[in-house]
Structures are given as C-alpha cells and as structure tokens.
Amino acid sequence: MATKAKKEEPIKEEDIKKEETSKQIIPHEKLNKECDNVDFKSITKEDMINYILEYAPKDKAWFKQVVKDNVKADKNGKERINFILIKRAFCERYNPSLLPKAKSKESILDMVKDW
C-alpha cells in the first residue's frame with residue numbers, strides 16, 4: 001500500500017505544475033493606463049483584486065459594492081455572479097481603452113449608394 005501512495009504523490013505535483021503554467025496572471029503593470037495591449041478577455045479576477053490592492057486600496061469598498069450588485073439568483077435560487085459586468089466596471093474606472101468597441105455595421109443602402 002505504501003507504493004500506491006508514492007505513485008499518487010508525483011501525479012498530484014505534476015497536475016499542480018500544469019495548473020500553474022496554464023493560468024498565467026497578468027502583471028499589474030499591464031493594467032495601468034499607459035498599457036493598452038491587454039485583451040479584455042484575458043483579465044482575471046485575481047488581476048483585478050491584485051491591481052486594486054496595489055494601486056487603489058481606497059477603492060476596495062467600491063469594488064466590493066460592484067461585486068455585490070452583480071450577484072443575482074437564478075431561477076433555481078442559486079447565486080450567479082455576472083463576471084463580465086464586474087470586469088466592465090473595473091475597466092471603465094481604471095482603463096477605459098481596454099473595453100471592447102462595438103463594430104459598426106454598414107447597411108445595404110450605404111453599400112449600393114455609390115454604384
């Protein structure tokens with residue numbers, strides 16, 4: 001039985017290493033207003049929390065309220081967090097240039113106008 005326990009331990013360590021490499025946290029410097037090359041989708045909750053703790057500790061209460069406002073109960077009574085709205089509020093406050101831009105659709109009338 002001791003050999004089975006030894007075989008399981010290295011597997012767990014490998015799984016932990018894989019998880020650590022798959023989740024690469026964006027450094028806080030990348031979320032500063034000077035840096036606009038971070039993708040909106042790549043911002044994680046850890047990035048937002050670390051950014052607030054490091055650069056804006058006075059905004060902890062604001063962020064906590066934003067999170068509370070975006071927790072809703074679904075039809076089964078389970079709490080659901082709307083992470084996209086939380087991320088959007090965070091970006092609106094700290095770096096609005098990271099927000100996704102709406103694509104303008106050209107109507108068919110505008111397309112054939114110059115024909």
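The values are calculated or read from the model by the stated rules, or taken from the named source; none is laboratory data. Note that this is a predicted model, so its numbers are computed, not measured. Neighbour counts run over all protein chains shown; Cβ positions are idealised from the backbone, glycine included.
Assorted remarks:
- If you go through segment 56-115 and keep only what is polar (S, T, N, Q) and under 18 Å from the mean Cα position of the chain (by Cα), you end up with Gln65, Asn70, Asn82, Asn95, Ser97.
- For segment 63-77, a residue qualifies if it is without any contact (Cβ under 8 Å) to a residue 12 or more places away in the chain and within 17 Å of Cys91 (Cβ to Cβ), and the qualifying residues are Gln65, Asp69.
- Restricted to segment 43-97, the set of helices (runs of 4 or more DSSP H) holding at least 3 residues that are exposed (fewer than 12 other Cβ atoms within 10 Å of the Cβ), modelled with pLDDT of 90 or more and not hydroxyl-bearing (Ser, Thr, Tyr) comprises 60-69.
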